[in-house]
1. Considering Cα pairs under 8 angstrom that are at least six residues apart, work out the relative contact order of the stretch 322-417 and quote it in whole percent.
2. Give the accessible surface of the chain per residue, rounded to a whole number of Å², with probe radius 1.4 Å and ligands, DNA and RNA excluded.
3. What number do you get for the stretch 5-109 when its Cα radius of gyration is normalised by 2.2 N^0.38 Å, N = residues?
4. State the percentage of accessible surface on the stretch 5-109 attributable to carbon and sulfur atoms; use a 1.4 Å probe and exclude ligands, DNA and RNA.
5. For the stretch 289-322 and the stretch 98-154, compute the distance between their C-alpha centroids and round to whole Å.
6. Leaving out ligands, DNA and RNA, what percent of the accessible area of the stretch 118-303 is carbon and sulfur, probe 1.4 Å?
7. The stretch 118-303: D in µm²/s via Stokes-Einstein (Kirkwood Rh, Cα pairs, 20 °C, 1.002 mPa s)?
8. To the nearest 500 deg cm²/dmol, what mean residue ellipticity at 222 nm is calculated for the chain from DSSP H runs of n ≥ 4 alone, each contributing -39,500 (n - 2.57), summed and divided by the residues?
Amino acid sequence: MKQDMIVILDMGSTENTVVARQIRALGVYSEIHPHDITPDALKALDNVKGIILNGGENRVVDGVAVEVDPAIYDCGFPVMSIDHPTAKCEQQLSELPDDATMKAFVFDTCKAEANWNMKNFVADQIELVRRQVGDKKVLLALSGGVDSSVVAALLLKAIGQQLVCVHVNHGLMRKNESEDVVEVFKNQLNANLIYVDATDRFLGKLEGVADPEEKRKIIGGEFIRVFEEEARKLEGIDFLGQGTIYPDIIESGTKTAKMVKSHHNVGGLPEDMQFALVEPLLQLFKDEVRACGIELGLPPHMVYRQPFPGPGLGVRCLGAITRDRLEAVRESDAILRDEFAKAGLDKKVWQYFTVVPDFKAVGVRNHERSMGYMVVIRAVNTIDAMTATIERVDYDILEKIADRIAAEVPSVTRVCFELTKKPVATIEFE
Ligand code: XMP
């Protein structure tokens with residue numbers, strides 16, 4: 001089934017995604033396209049029911065107002081214009097429409113049907129993937145993060161054993177994280193999953209490396225090499241599955257907006273390894289990816305995970321990584337997560353974790369002076385990770401966490417709670 005669509009033309013607004021989300025919340029699919037789309041390209045899109053010209057303070061570039069091809073008005077679609085005086089449009093607004101105005105435009109003026117939902121989306125994508133892939137094989141790097149997990153579940157439904165998943169455990173995963181990926185995908189969903197334990201290899205390369213950016217580079221580079229080695233062992237792979245989602249694409253920069261961040265693609269696989277991409281989540285915002293995962297039957301703890309950096313615990317074991325300190329990070333993080341879940345904070349707090357700096361602090365253990373590590377707890381809330389505030393965790397909960405870490409992680413003598421907002425701090429410590 002093909003869903004009706006409202007097309008947003010980006011006339012320089014910084015709020016295109018806000019408008020797209022508002023329309024999708026009404027159950028109608030919406031996509032953002034550049035203002036200079038040709039009338040033919042617009043007509044070639046499926047089931048367009050209406051157009052929104054979305055302007056804003058960026059609408060005037062170098063003194064010239066951003067304009068659409070005048071022939072766009074003759075394509076036969078109702079047009080709403082936001083902050084853009086145009087004689088030809090059906091509706092003109094000076095600011096973003098409220099829900100009632102948007103509803104009237106979408107349903108009464110454009111006559112769109114509310115047929116955008118996850119059930120239809122999943123059915124459509126399964127069909128499209130089957131058509132794209134045929135009887136060929138798809139390779140997928142399954143990290144266990146939300147996006148790759150949802151792609152894996154979707155591709156598994158679509159092509160079953162033609163999907164080959166590779167999970168690289170770099171030794172910097174949280175407690176039981178890799179085991180969970182194997183349990184869910186291999187044991188429960190019967191996926192064709194190759195599990196690579198590359199812990200020694202990664203920790204070997206990281207030995208003595210204290211500079212955070214150098215650590216990131218080693219982890220990222222080594223990840224690609226391990227994945228590539230696995231890919232070379234396989235035969236007859238034509239496609240690479242990817243968990244690219246909608247914000248990755250629109251944040252790559254539109255013609256009028258400044259570049260937000262570059263869209264990191266296939267992750268630097270060598271040029272002689274050419275795969276066509278299968279990217280079934282390309283249209284989805286993050287919360288829609290989660291809804292898709294639930295629709296596909298993934299366990300909620302996998303779908304509602306807090307953000308976790310690619311370099312994993314590697315950037316939370318501060319300075320040069322050692323195995324015992326990494327263990328202290330992993331165990332304390334598991335205790336923190338357990339207690340947050342018991343208190344219901346896992347559903348409230350955006351990101352929470354522990355870090356362990358590379359020095360020892362004096363303490364008393366078994367009536368003896370003993371040197372041990374210091375665990376720092378961080379719990380932050382944010383909308384977009386650009387700024388962050390501190391969660392005011394109940395003191396009793398903090399005390400319980402501190403007691404448990406001190407009792408259960410023998411290498412630790414101190415537990416602290418960090419109070420610095422972003423800025424001036426960042427969320428991670430390095
Ligand atoms: P900062 O520390 O910059 O973090 O305030 C903002 C958000 O980004 C995550 N983060 C990373 N994610 N690779 C990632 O995939 C990284 O190297 C990385 N560094 C930070 C961080 O966890 C937070 O959610």
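1. Values: 141 pairs, mean separation 29.7, N = 96.
Averaging sequence separation for qualifying contacts and normalising by length gives 31 percent for the stretch 322-417.
2. Working: 20520 Å² over 430 residues.
Value for the chain: 48 Å² per residue.
3. Values: Rg = 12.5 Å, N = 105, 2.2 N^0.38 = 12.9 Å.
Cα-based Rg divided by the globular estimate yields 0.97.
4. Numbers: 2250 of 4640 Å².
Here it works out to 49 percent.
5. 22 Å
6. Values: 4340 of 8660 Å².
On the stretch 118-303, the fraction of accessible area on carbon and sulfur atoms equals 50 percent.
7. Numbers: Rh = 17.4 Å.
It diffuses with D of about 123 µm²/s by this estimate.
8. Details: 13 runs with 139 residues, N = 430.
After summing the helix terms and dividing by the residues of the chain, the value is -9500 deg cm²/dmol.
The values are calculated or read from the model by the stated rules, or taken from the named source; none is laboratory data. Being a predicted model, the structure only gives us computed values, none of them experimental. The accessibility values were calculated without ligands, DNA or RNA, using every heavy atom of the protein model including side chains. Shrake-Rupley method; radii C 1.70, N 1.55, O 1.52, S 1.80 Å.
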